[in-house]
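The values are calculated or read from the model by the stated rules, or taken from the named source; none is laboratory data. If you're wondering where the values come from, they're calculated on a predicted model, not measured in any experiment. FYI the Cβ positions are ideal-geometry reconstructions off the backbone, even for glycines, and counts take in every protein chain you see.
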8 protein chains.
Amino acid sequence: MSQTNQPLVGVIMGSKSDWETMRNACEILESFEVPYEKRVVSAHRTPAWMNEYATTAQGRGIKIIIAGAGGAAHLPGMVASQTTLPVLGVPVKSRALSGLDSLLSIVQMPGGVPVGTLAIGDAGAKNAGLFAVRILASTDSDLHQRLAKFQEEQTQKVLEDSQL
Amino acid sequence: MSQTNQPLVGVIMGSKSDWETMRNACEILESFEVPYEKRVVSAHRTPAWMNEYATTAQGRGIKIIIAGAGGAAHLPGMVASQTTLPVLGVPVKSRALSGLDSLLSIVQMPGGVPVGTLAIGDAGAKNAGLFAVRILASTDSDLHQRLAKFQEEQTQKVLEDSQL
Amino acid sequence: MSQTNQPLVGVIMGSKSDWETMRNACEILESFEVPYEKRVVSAHRTPAWMNEYATTAQGRGIKIIIAGAGGAAHLPGMVASQTTLPVLGVPVKSRALSGLDSLLSIVQMPGGVPVGTLAIGDAGAKNAGLFAVRILASTDSDLHQRLAKFQEEQTQKVLEDSQL
Amino acid sequence: MSQTNQPLVGVIMGSKSDWETMRNACEILESFEVPYEKRVVSAHRTPAWMNEYATTAQGRGIKIIIAGAGGAAHLPGMVASQTTLPVLGVPVKSRALSGLDSLLSIVQMPGGVPVGTLAIGDAGAKNAGLFAVRILASTDSDLHQRLAKFQEEQTQKVLEDSQL
Amino acid sequence: MSQTNQPLVGVIMGSKSDWETMRNACEILESFEVPYEKRVVSAHRTPAWMNEYATTAQGRGIKIIIAGAGGAAHLPGMVASQTTLPVLGVPVKSRALSGLDSLLSIVQMPGGVPVGTLAIGDAGAKNAGLFAVRILASTDSDLHQRLAKFQEEQTQKVLEDSQL
Amino acid sequence: MSQTNQPLVGVIMGSKSDWETMRNACEILESFEVPYEKRVVSAHRTPAWMNEYATTAQGRGIKIIIAGAGGAAHLPGMVASQTTLPVLGVPVKSRALSGLDSLLSIVQMPGGVPVGTLAIGDAGAKNAGLFAVRILASTDSDLHQRLAKFQEEQTQKVLEDSQL
Amino acid sequence: MSQTNQPLVGVIMGSKSDWETMRNACEILESFEVPYEKRVVSAHRTPAWMNEYATTAQGRGIKIIIAGAGGAAHLPGMVASQTTLPVLGVPVKSRALSGLDSLLSIVQMPGGVPVGTLAIGDAGAKNAGLFAVRILASTDSDLHQRLAKFQEEQTQKVLEDSQL
Amino acid sequence: MSQTNQPLVGVIMGSKSDWETMRNACEILESFEVPYEKRVVSAHRTPAWMNEYATTAQGRGIKIIIAGAGGAAHLPGMVASQTTLPVLGVPVKSRALSGLDSLLSIVQMPGGVPVGTLAIGDAGAKNAGLFAVRILASTDSDLHQRLAKFQEEQTQKVLEDSQL
């Protein structure tokens, strides 16, 4: 995968405060040595920049976009509507409704424009990273090996603690 | 108001199937003789057209945008993010979640980009029309008179039926 | 806009404790130099005062009413029913149900009496202020310019932080 | 109780369409021979008439008010705020949200203004009638006897069917 | 009302930990000098004692029962099923679901057995006390006067703070 | 198991209308030749009969109670509080809230009084029957064999249709 | 019951962090001297180990399985699908949705594979322990006596505090 | 892509009745000429077959698994836990809770095992198909072209109807 630094995954988020959540996606990508870029791209405050990001990502070599947002979370869906890349959505936990609004805003897309949605919050961000790895691994046997090893180690760690 | 046909209100909706709901907004505007235009503008299937609509509406003389959508309803918020016009959002009743997803996707906008949200479904569409009339009436004394008369008649109709 | 202090926006709230939320609306109005008044007006504890407020606001030159309340939040709807002014509703976050009750009590108005509803809590209050500015800006080119500048700066701020 | 026709219970509802639900309250009152009046009183479309109803009911000899409404259901709470009579609220099933909005709008009243809330829909309307009977029965031994008999018969009916 | 100490209101709650909520009901009753008794009566842990309480309350001169409980809150409904007294239910805020479970368990009673339900938590408990006062005031002109005064003072207090 | 007709499972339900749901439990018990009895036992309309049922079931040889109810569903919890038998609760789908109220009223029992709760509606009733069979099978090898066969056949049926 | 240490109840949980909740089940089992084993068994991270656990438990003498998990909680249902033992499910309180996701993931099983579900969190875990005791007590008169005593003491404790 | 019939996508569903929903995924795959297989694979009724399917899919050349299920929907998560392939989850609309249970059971996966979740019902199934196409298109320029054309046509269709 990794002879260059050309980012393969674009991790974007609606606001700087989403970083605490979205770093979980980035940490996974780093641990798998998948080159990525991370940006704040706000659907509502920087629509032109979002449109530009969405329409140019593929041309720059990005293979997968991970987009996190909270509340009326439009970023993942709007990006998905302007690219042919697979877009993963991470519902960031919101203040009043704990991310239920974020989840529904991201997952309930109309037929025609898919967003692969992960869980609310940290677990969802981590899993967005892993989903990206799963996609990339299908054409990168080296990465696939690391993924298989990751899952084995994850299993091993639970087994070790299994006796409580 | 009405010496020309220049539309003052833009009524847009995410899909043709939303028309059954959104016609309630248009019927109100017609009954008040407020010139309006109506368009299908899909945030997800026609993002470029949505961006164009949002950024040019004011220049064409539109004063208020009414946007209806269902499910992960991004249209009102995305339009609001690309104009300085007041944008009213109508959550269209969705199949699985009865419009709760539409409502949260429209109303839970982040600070900075307001959408004035009305009720789910027909009542909300009708009220979006009336809210537009209320805004326009504040600088159109003729319209204001008609609005006051509308509210009186509405009151009268309830009073007449009051004895059941 | 501003050669006099005649308030153009009435910011009301159901209880003193709502001020922490509603100050976000007032700060926006101040930053745009829109004259406003702020009052505690309780639908349930001061119904006569609410009726008076609602029926006299327009006569005193108020153009828009922003009403915030929590729980079984009746203030925005009851004020809207007694004026022809546009009324914006802010659902204040409630103790047990985090503002879901406030939101539904405000937004689910029957056809005939519109309340333009914003998000739960601080973001909603801020956006109520901005929605009022959008309305006023349509007949005040000076204000419109400031609004356009505000949105540009908001965009700029995100762009500056975009690289994380 | 019943030498005169002076109504003791006021059954009011926000719209004529609520009658299908609220008739369940009236049928109970009739079966107990409790004199009552029924009116359409809309918080939002006839606020002045609502205020008049609420403030004069007690003077006219009404002892209990039963108020049914749907959606952003403000009638019970607004009436309760303008009388010292006990007010019972019936959440009418709403179109989109099945009465969850009605329920929260009625029951979540702030401290100071109580509304005794019953179940959503027909069962709630019937029980509002029965709750009124329970209140009146505490100072009317004849009515109390009929209430005790009603409960026995209700029990008996279940017991008879108990074997399926 | 008060030449004797014979309790008129029975305030019961499902567990000792509900006291923090239910004390709000008792404080109201005390401030109105309404004699009351308070007891822990658990539907689930002391069903026989609950049955005894419910069936004997009226005989002991109790006029109204206020019952608070959380979670699968069966106390109010089960007491209502075994008395002809009016029973008021207070949904205590629960740990996981913030009292939504308590509310639905109390309010959604089947036709035939009414529970007049108040808001979740402290406000609901306070209002249960006030609802009891409203019932008792209808046959106690002295109490009625105090209730009217209470509502006036409540209004006055808001008006004084109205200017923020 | 079956040389006598002594019922081992008591299937009770809050109202005759619950039979359409609860028959699914009985059909399972019949197909496993587990003797059972079925009764309408209403927590709210026949509390004394419910208490009697709950306290005498074990003495009559009942091993497991299956209780179905809808809305504010108190039957399973109240029976569980008056017996040491395992009690299974089936939330019957309710009219307004589709059984969410039934589910929370049954499952959210306080520590000390367990109700083993199954799914809302038909599937839950069927599974209550199967859960009873699982319990009984642990001390009845004949029944255990039939249960194992049932699960195999269930598996087989899916496998046969697996190709669509 | 207890001449050997052969565990009769298997208490399993999806992750080590569920122990804080699930210890409540174990404490009950200990207080009743019911031999049990406890294990971390993750449906998602150790599927093979889960399958092994589920398919071998009965052979090792386990009579009842208690399974706790949070979020998309698949452990109880997946274990139930691979055994004929009764399986009790404990929804662990989740971060974003407070265990509502856990509850629905556990309780809404399809017809054919039952999971007896308890309340969200600590109360549910405690009750899972008690439900297991209720099952075991039906064939262990010594245990049954201790259970009856437990319920009496539980009653007694409430009665002692009843006067507040 | 298509010189052979070797399936690249595995479309599985928890029960035959899910086919009405899941056919929407298959129709998309067919229209893009992506070879796929479809199977009923029940997590709860055929766990061994599910495990076999999950662990062997990759070896047989499957690149992406689409799994649909309703209620306590464990299929997508359990398959994801036993493969390194990307797994897409489709929440099938359920009877009582309209698919909210299905959605939460699928999307709220713990960190470590990702399921890319789509909308409830038909739209979600269609989008699962499209998401699979997006993944495959990134290494198949022919498919990518067809995808781009599909999105253009989709846009075109809305634009043609845009005038209503």
| Residue check, B:ALA128 free of Cβ contacts under 8 Å to residues at least 40 places away in the same chain, of a type outside the set (Phe, Trp, Tyr), more than 19 Å from A:MET78 (Cβ to Cβ) and within 9 Å of chain C (Cβ to nearest Cβ) | no
| remark: Per the filter on the range G:118-133, residues surrounded by 24 or more Cβ atoms within 10 Å (Cβ to Cβ) and either over 9 Å from the mean Cα position of the chain (by Cα) or at pLDDT below 95 (or both) are G:ALA119, G:ILE120, G:GLY121, G:ALA123, G:VAL133
| request: Taking only the range H:22-55 into account, find how many residues are more than 9 Å from every other protein chain (Cβ to nearest Cβ), farther than 24 Å from H:LYS93 by Cα and of a type in the set (A, V, I, L, M). | output: 1
| task | Could you figure out which of (1) within 14 Å of chain C (Cβ to nearest Cβ); (2) more than 26 Å from E:GLN151 (Cβ to Cβ); (3) touching a residue at least 24 places away in the same chain (Cβ under 8 Å) isn't true of D:SER17? | result | (3)
| task | Specify which of the listed residues (H:GLN58, H:GLN82) is under 25 Å from G:VAL115 (Cβ atoms), facing another protein chain (nearest Cβ under 10 Å) and surrounded by fewer than 24 Cβ atoms within 10 Å (Cβ to Cβ). | result | H:GLN82
| field | Test: H:LEU159 is under 11 Å from the mean Cα position of the chain (by Cα) and of a type outside the set (Phe, Trp, Tyr) | value | no
| task | Report, by residue number, each residue of the range E:104-117 that is more than 7 Å from chain D (Cβ to nearest Cβ) and closer than 16 Å to C:LEU97 by Cβ. | result | E:LEU104, E:SER105, E:ILE106
| field | Filter pass, A:ASP122 being under 30 Å from C:LEU97 (Cβ atoms), in contact (Cβ under 8 Å) with a residue 60 or more places away in the chain and not aliphatic (A, V, I, L, M) | value | yes
| query | Just checking, which of F:PRO76, F:PRO110, F:PRO91 is within 20 Å of G:ALA137 (Cα to Cα) and either in contact with a Phe, Trp or Tyr (Cβ under 6 Å, 6 or more places away or on another chain) or at pLDDT 95 or above (or both)? | reply | F:PRO76
| task | Name, by its number, the condition in (1) more than 8 Å from chain G (Cβ to nearest Cβ); (2) touching a residue at least 40 places away in the same chain (Cβ under 8 Å) that does not hold for F:SER98. | result | (2)
| Given the residues B:ALA96, B:ALA25, which is the only one that is within 30 Å of B:GLN145 (Cβ to Cβ) and among the small types (Gly, Ala, Ser)? | B:ALA25
| query | Looking at this structure, is F:ALA69 under 13 Å from F:ILE12 (Cβ atoms), crowded, with 24+ Cβ neighbours inside 10 Å, of a type in the set (Gly, Ala, Ser) and touching a Ser or Thr at 6+ places or on another chain (Cβ under 8 Å)? | reply | yes
| query | Just one of the numbered conditions (1) of a type outside the set (S, T, N, Q); (2) in contact with a Pro (Cβ under 7 Å, 6 or more places away or on another chain); (3) under 22 Å from H:ALA72 (Cα atoms) is not true of G:LEU104; which one? | reply | (2)
| said: For the range C:119-131, check the following and say yes or no: at least one residue is in contact with a Phe, Trp or Tyr (Cβ under 9 Å, 6 or more places away or on another chain) and under 19 Å from B:ILE62 (Cα atoms). | reply: yes
| said: Condition (residue is surrounded by fewer than 17 Cβ atoms within 10 Å (Cβ to Cβ), under 12 Å from D:VAL158 (Cβ atoms) and in contact with a helix residue (DSSP H, G or I) (Cβ under 8 Å, 6 or more places away or on another chain)) applied to the range F:14-22: is it met by at least one residue? | reply: yes
| Residue satisfying all of: in the range A:144-164; among the aliphatic types (A, V, I, L, M) and facing chain H (nearest Cβ under 10 Å); surrounded by the fewest Cβ atoms within 10 Å (Cβ to Cβ) among these | A:ALA148
| task | May I ask you to verify whether D:THR139 is surrounded by fewer than 24 Cβ atoms within 10 Å (Cβ to Cβ), over 27 Å from B:PHE150 (Cα atoms) and more than 9 Å from chain E (Cβ to nearest Cβ)? | result | no
| request: Determine which single condition A:VAL92 fails, assuming it passes every other condition in (1) over 30 Å from E:SER98 (Cβ atoms); (2) more than 9 Å from chain H (Cβ to nearest Cβ); (3) in contact with a helix residue (DSSP H, G or I) (Cβ under 9 Å, 6 or more places away or on another chain). | output: (1)
| Pairs, please: C-beta under 6 Å, at least 6 apart or cross-chain, first residue free of Cβ contacts under 8 Å to residues at least 40 places away in the same chain and in the range A:133-148, second surrounded by 21 or more Cβ atoms within 10 Å (Cβ to Cβ) and acidic (Asp, Glu)? | none
